[in-house]
Amino acid sequence: AVGADADIVVWDPKKSFELSHKNLHMKADYAAYEGKTVAGSPRAVLSRGELIVERDRWVGRGRGRGEFVRRRTFDL
């Protein structure tokens, strides 16, 4: 829909990927599964319709794309 977010990941199931704090985009200086090789890897990532990751490289404009969305507490 016009104005809706367009968050899309183009996934390459044939590429293997070794998990490391160096190649995972987070502030931590460790990765929970450091050294583990997994099947599949993102080829491209679009956030709100803008290409931000392409072939393992950040190509987005600036940092900090998150937006807080307030939600109610889960009701049972």
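Which order, highest average first, do 26-39, 43-56 follow once you tally other Cβ atoms within 10 Å for each residue and take the mean per peptide? Could the numbers behind the result be given before it?
On the way: 26-39: 9.6, 43-56: 14.3.
Put in order of decreasing packing, that is 43-56, 26-39.
Please report, as a whole percent, how much of the solvent-accessible surface of the chain comes from carbon and sulfur atoms (probe radius 1.4 Å).
Values: 3670 of 6850 Å².
Ligands and nucleic acids excluded, carbon and sulfur give 53 percent.
Enter the accessible area per residue of the chain (Å², integer; probe 1.4 Å; all protein chains in place). Please report the intermediate quantities before stating the final value.
Values: 6850 Å² over 76 residues.
That works out to 90 Å² for each residue.
For the chain, what is the charge dipole size about the Cα centre, in debye to the nearest 20, if Lys and Arg each add +1 at the Cβ and Asp and Glu each add -1 at the Cβ?
Rounded to the nearest 20 debye, it is 120 debye.
Dimensions of the chain along principal axes (Cα, Å, largest first)?
Extents along the principal axes: 37, 33, 26 Å.
In the range 51-76, whose amide N lies under 19 Å from the spot 7 Å out along Cα-to-Cβ of Thr37? List them in ranges.
56
The values are calculated or read from the model by the stated rules, or taken from the named source; none is laboratory data. Nothing here was measured: the structure is a model prediction, and the numbers come from that model. Neighbour counts run over all protein chains shown; Cβ positions are idealised from the backbone, glycine included. To get the accessible areas, we keep the full protein, side chains included, count just its heavy atoms, and leave off ligands, DNA and RNA. Shrake-Rupley method; radii C 1.70, N 1.55, O 1.52, S 1.80 Å.
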